[in-house]
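Each remark here refers to the structure printed beneath this line.
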Amino acid sequence: MMGNKKVKRNSTKRGMSPGTLIHVGKQRVSNASIQLVKYNENRIQLEEFVSDLSNIEFPKPSSEHVTWINLKGVDIPALENLGKQFNIHDLVLEDILNNSLRPKFEVFENYYYLTIKMVLTDKDELTYGSVPVHFIQGDRFVLSFVDFEEPIFDAALFRLRNQPKKIRGKGADYLLFALADVVIDNYFELIETGNDKLEKLDEEISNPSNEDIPSSIREYRRVLLRARRGITPVQEAYAILVNDDLHLIKEENVKYFRDTKDHILFVIDQLDFLRDNLSAINESYQSIQDNQLNQVMKLLTLIATIFIPLTFLAGIYGMNFSNMPELNYKYGYYTLLGIMTLLAIVMVVWFKKKKWM
């Protein structure tokens, strides 16, 4: 029950001043690295750094190219270095290190800060896990921060290499859209898995003896609630992004962010549909269970009803009175058994006629 859910609190930063850079949460990448991409319509340059990350001199934002820097893993000195060179506020750097941060979009004078959730899916099971992905977009640069082993931005990098006119000529704001859209596209895998699992669960409820069904329903409900709670703030962040007059996002590129917002709304609607469908499955399962119990109780009641008069007769002739003439009758025992058998048959025929059996 939601009321009994324990809220986890992290006291790592208790008593520290705002802007203190301490990582909060699970670290998923053992060795941090930095990927640097510079591009314009005519050429693209890519560099990879795996050591001495805090001493890298990054190229200054220039009108001649767009710079994309991706920090993979947790490296506080490297993060501080990026913050100094791109003039990023300490509070933003602090948020980047907080895995429990709620998705949001914030506007600063020379850049925008967007954090969303990367959903961790399993194609075989309906599970929900998430990792924050952070973006900082300036006039001619985008910084991204992930703590995730999978190469989630490979699709965007492929587009940068092979679609020079479509993506490399649209500026840093379009790059922000492309990178964030890759993350949000992963939400659809959760929906597809959810649909498959609920269809399978709908088939399994016809077998009420399956003791795993109630626990599966409870687990799926928990997953759907967690997913909605994690994705809804992303929609709120995009609502601010597309509705505010943002000078670093070109008017012709706003429609792309609006399209992503529509995708998020679709995912939220699908989560609500899955939750409603799960409730319907649970009601159907309970109805099947109740019907099965009713059938058992009905059978037991009919059996008890048949034996009531038989027990009455047996009780009468079980009394120890000497003046019972029929006790001395030669065929009294067989006669009584015949009467009891006939009475039981008549009652069964009557129950069937009434369609009680």
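The values are calculated or read from the model by the stated rules, or taken from the named source; none is laboratory data. Since we're looking at a predicted model, the values are computed, not measured. Ideal geometry is used to build each Cβ from the backbone, glycine not excepted, and the neighbour counts take in all protein chains shown. Each accessible area value is taken on the protein alone, full model and side chains, heavy atoms only, with ligands, DNA and RNA left out. Shrake-Rupley method; radii C 1.70, N 1.55, O 1.52, S 1.80 Å.
General observations
- Nearest 10 degrees, 0 to 90: helix 254-316 Cα axis against the chain principal axis: 10 degrees
- For the chain, the longest principal axis of the Cα atoms and the long axis of helix 187-204 meet at an angle of about 10 degrees.
- Computed [θ] at 222 nm, helices only, for the chain once each DSSP H run of length n ≥ 4 contributes -39500 (n - 2.57): -17000 deg cm²/dmol
- Free of any trypsin sites (Lys or Arg not before Pro) that DSSP assigns to a loop and that have at most 11 other C-beta atoms within 10 Å, the longest stretch within the chain is 166-329.
- Placing R0 at 22 angstrom, the Cβ-Cβ distance between residue 107 and residue 139 gives a FRET efficiency of 0.95 after rounding to 0.05.
- Calculated on the alpha-carbon coordinates, the convex hull of segment 198-357 measures out at 173 cubic angstrom per residue.
- Surface accessible to a 1.4 Å probe, per residue, for the residues of segment 45-202, Å²: 43 Å²
- Computed from backbone phi, the HN-Hα couplings of segment 131-143 come to 10, x, 10, 10, 9, 10, 10, x, 5, 10, 8, 9, 10 Hz, rounded to whole numbers (Karplus: 6.51 cos²θ - 1.76 cosθ + 1.60, θ = phi - 60°; Gly and Pro given as x).
- Extension gain, residue 159 back to residue 298 (0.36 nm per residue minus Cα-Cα distance, nm): 43.3 nm
- Cα-based shape type of segment 55-173, given that a ≥ b ≥ c are square roots of the gyration tensor eigenvalues and the cut on a/c is 1.5: oblate
- FRET efficiency, 1/(1 + (r/R0)^6) with R0 41 Å, evaluated for residue 236 and residue 286 via beta carbons: 0.70
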